[in-house]
1. Length gain on complete extension for the stretch Asn101 to Lys40, per 0.36 nm per residue less the alpha carbon to alpha carbon distance?
2. What dipole magnitude, in Debye to the nearest 20, does the chain give about its Cα centre under +1 on Lys/Arg Cβ and -1 on Asp/Glu Cβ?
3. Under the rule of -39500 (n - 2.57) per DSSP H run of 4 or more residues, summed and divided by the residues of the chain, what mean residue ellipticity at 222 nm is obtained, to the nearest 500 deg cm²/dmol?
4. Between the helical axis of 125-145 and the dominant principal axis of the chain, each derived from Cα atoms, what acute angle in degrees is found, rounded to the nearest 10?
5. Treating the Cα atoms of the chain as identical point scatterers in vacuum, please give the log10 of the normalised Debye intensity I(q)/I(0) at q = 0.11, 0.15, 0.22 Å⁻¹, two decimals.
6. Nearest 10 degrees, 0 to 90: what angle lies between the long axis of helix 104-113 and the longest principal axis of the chain (Cα atoms)?
7. If each residue's Cβ is checked for other Cβ atoms within 10 Å, how do Phe115, Phe71 rank with the fewest at the top?
Amino acid sequence: MTSASDIASLTVLSNPDISILYIEDNPANLILIQKVIEKKTAFRFLSASDPVSGLELASSEHPDLILLDIFLPVMDGYEVMKRLRANELTATIPVVALSANAMKADIDRGAEAGFSAYVSKPINIIDFLEQIAGVLENSFMKHEVH
């Protein structure tokens, strides 16, 4: 039986007006997530292979959601998150952390840093899609209220 939230998630995943930016330095991880997004959603997929170009792309494209690897060269995902929140153009974009570190302390640190969700690698595709759909739905509801 399909619930109302399942239907809402399906609606969000089929919305071609939604754009997602993935900041990831590992080409294999980047390709995997790109294929999942392109095959399972109607989203526009943007990517950056380093934090600096990711921050620039986030400011210029203003995606609906940012997927952010925690372990990046030059600056880690937590520093990228601080910079996203400090920039008025990107301050309200929901950000989902992706990391191979999945201990409770890591997940707690992600929550404290302001990530909307914390996805551990390797990803479970169904759980991943449900999490990003939920984050997008919450974000859209917040914007409708204000």
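Taken together, the values in this text are just the output of simple stated rules run on the coordinates, not laboratory data. Here the structure is a predicted model, which means the values were calculated and not measured. We place every Cβ from the backbone using ideal geometry, glycine too, and count neighbours over all the protein chains shown.
1. 19.4 nm
2. Here the size comes out at about 140 debye.
3. -16500 deg cm²/dmol
4. So the helix axis and the longest Cα principal axis differ by about 80 degrees.
5. Scattering profile of the chain, log10 relative to I(0): -0.37, -0.72, -1.62.
6. Between helix and principal axis, roughly 90 degrees.
7. Phe71, Phe115
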